[in-house]
Structures are given as C-alpha cells and as structure tokens.
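In what follows, a single structure is set out as structure tokens and then discussed.
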C-alpha cells in the first residue's frame with residue numbers, strides 16, 4: 001500500500017504465519033529527503049543487556065536471522081535485527097534514485113542513535129558489512145566486537161589490503177543483473193545460492209516483503225550503489241573506515257561459509273588488517289552458500305554465542 005506519494009509499505013498480512021518468525025515488530029522513523037520513513041526492527045532480550053546488532057544484505061531482511069535471535073536472547077543478550085529501508089517490513093521508496101550507499105548507512109546509523117545502542121557486537125553479512133563497518137568506524141566507542149560472515153568492505157586497493165580483481169566476475173555480473181532488472185526475482189536469487197534445500201515456506205517468506213515489482217527498488221539498487229572505481233559514492237568513506245579498523249583491537253571474528261566464492265577473498269583481508277582478529281578462533285561454516293544464516297543458522301548461532309560468552313568472561 002502507498003503511505004504517501006512515492007513510498008510503499010508492505011501490507012501486514014503479507015507477514016502472517018512466517019515459519020519460525022513469531023517476533024513482535026518494532027518501528028521507528030528515520031529521516032530522508034522524502035520525509036520520515038518507518039523502519040522495522042526485531043528487538044528481543046533484556047533491554048539493558050549488551051547488544052547484538054544483526055545486519056542483513058540483499059535481497060533479504062531480518063527473517064534471515066531468525067535462527068540466531070532466539071539463542072542470542074536466551075543467552076542474556078539483546079538481539080536487534082533491523083530491516084533496511086526498502087526491505088522487509090520497512091518503508092520502500094519506489095524510485096531507484098531515492099537509494100544510495102551513503103543513505104543506507106545513514107538510515108542504520110539513525111537507528112543505532114535513536115535506540116542509543118551500546119556495547120554492540122556487530123553481526124554482518126553481505127552488504128550489512130559495508131554499512132555496519134562504516135557505522136562502527138564513525139562511533140567505535142559503541143562497539144564491543146564484530147562477527148563478520150560472508151561480507152566485505154570495498155576499498156579498490158590491491159592485495160593484501162584489498163581484493164583483486166575487483167569487483168570480479170561474480171559481483172560484476174550480479175551488479176549488471178541488478179542494474180537492468182525491472183522485477184528482481186527474489187526467490188530465485190535466494191535459491192541460486194543455496195547448497196541445501198530450504199524448508200517449507202522459506203522462499204515465500206523472503207518474497208513476502210515484495211508483493212510486486214514496485215516494491216523492489218531497494219533490493220535492485222543497493223548493489224548498484226557499491227563503489228567499484230575511484231570517485232564512486234562511499235569509496236573514500238570506506239577507506240576511512242579501514243583506517244579505523246586498522247586500530248580496532250576489540251574482538252573481531254570471521255565466520256565465512258565453505259561455498260561462497262563471491263566473498264571468501266575478504267576473509268584474509270579482515271584477518272590480516274584488523275588487530276582484533278589476531279588470535280581469534282576464525283571458523284568456516286560447512287555446507288552453506290552465501291546466506292549461511294539460512295542454511296546453517298544453528299551452527300552460526302553456536303559460534304556467535306560462544307564468541308559473546310568468551311568476550312564477556314575476558315572483559
């Protein structure tokens with residue numbers, strides 16, 4: 001449904017009876033050139049506990065983290081999983097030009113500030129990494145650690161400081177698909193990356209936020225906004241973020257999957273450049289493609305809770 005000119009909001013009934021996702025919705029407003037936009041987030045666990053901020057990428061939403069939210073909150077932490085603007089239950093501007101890398105970052109920054117999140121362990125995958133790590137670089141005092149899973153932070157630098165060739169055949173082809181798409185096939189995109197068969201209703205749940213093509217400007221545009229060359233939006237901000245990460249000595253753990261060729265080269269970059277990654281029990285999650293939270297969420301949840309508990313004891 002259209003809440004005002006140029007902004008859509010997925011009807012609530014689209015989110016009824018989702019498998020294993022009975023979490024109460026929470027909302028706040030974030031600023032934009034179109035006026036305030038409503039952002040949805042899951043918020044489970046004690047409100048005064050250390051925060052685990054779970055950031056999704058494309059074309060997913062907070063549903064991706066359903067297998068982590070329960071174990072994290074049961075262990076005594078506050079699990080916060082927002083839907084980026086254009087995704088999930090959050091508002092969806094209809095025009096591609098209403099999105100951009102800096103805007104996506106600004107909207108999540110606004111959530112962190114509005115909720116006054118602190119003692120944050122960032123869990124980031126896909127484009128949740130570039131967005132979340134930029135926010136960490138701007139307010140590192142709010143963050144206690146990072147679990148990076150199948151993600152990256154583009155810098156257009158040569159190895160070992162970056163990845164070459166960049167963006168590489170896989171990401172370049174995906175960017176072209178997104179650039180030319182008039183109706184991005186959300187379910188097919190998800191299924192193409194899976195190593196294992198998803199459970200009943202899972203693909204429909206990922207398609208639920210997008211009743212038709214008008215709702216898909218965000219997923220279509222987010223990849224088109226990543227920096228791939230000098231002068232691109234966000235590139236210099238990413239390089240500044242790397243300068244902060246090169247001084248970040250709080251715990252930084254990588255948990256990449258064994259079947260995601262699109263991001264695996266970044267694993268070594270994070271491990272070598274971030275001081276907090278030294279001595280961490282970095283792991284590979286087996287039998288999972290790009291969306292390891294979906295395929296091996298239980299295994300990733302165990303890695304995450306162990307990481308949180310170890311850091312709490314040492315802190």
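The values are calculated or read from the model by the stated rules, or taken from the named source; none is laboratory data. The structure displayed is predicted, hence computed values, not measured ones. Using ideal geometry, Cβ is built from the backbone for each residue, glycine included, and neighbour counts are taken over all protein chains shown.
The table for this structure:
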{"quantity": "Options 159, 167; residue that is more than 18 Å from the chain's Cα centre (by Cα), surrounded by fewer than 22 Cβ atoms within 10 Å (Cβ to Cβ) and over 14 Å from residue 226 (Cα atoms)", "calculated": "159"}
{"quantity": "Residues located in the range 1-54, provided they are part of a loop (DSSP other than H, G, I, E, B), crowded, with 18+ Cβ neighbours inside 10 Å and free of Cβ contacts under 8 Å to residues at least 60 places away in the same chain", "calculated": "23, 45"}
{"quantity": "Residue in the range 7-33 that is farthest from the chain's Cα centre (by Cα), counting only those that are modelled with pLDDT of 95 or more and farther than 30 Å from residue 199 by Cα", "calculated": "7"}
{"quantity": "Filter result for residue 83 (touching a residue at least 40 places away in the same chain (Cβ under 8 Å), under 19 Å from the mean Cα position of the chain (by Cα), within 24 Å of residue 237 (Cα to Cα) and surrounded by fewer than 18 Cβ atoms within 10 Å (Cβ to Cβ))", "calculated": "no"}
{"quantity": "Unmet requirement for residue 196, which otherwise passes all of (1) surrounded by fewer than 15 Cβ atoms within 10 Å (Cβ to Cβ); (2) at pLDDT 95 or above; (3) assigned to a loop (DSSP other than H, G, I, E, B)", "calculated": "(2)"}
{"quantity": "Single residue of the range 115-131 satisfying the filter (in a helix (DSSP H, G or I) and in contact with a helix residue (DSSP H, G or I) (Cβ under 7 Å, 6 or more places away or on another chain)) that is farthest from residue 255 (Cα to Cα)", "calculated": "131"}
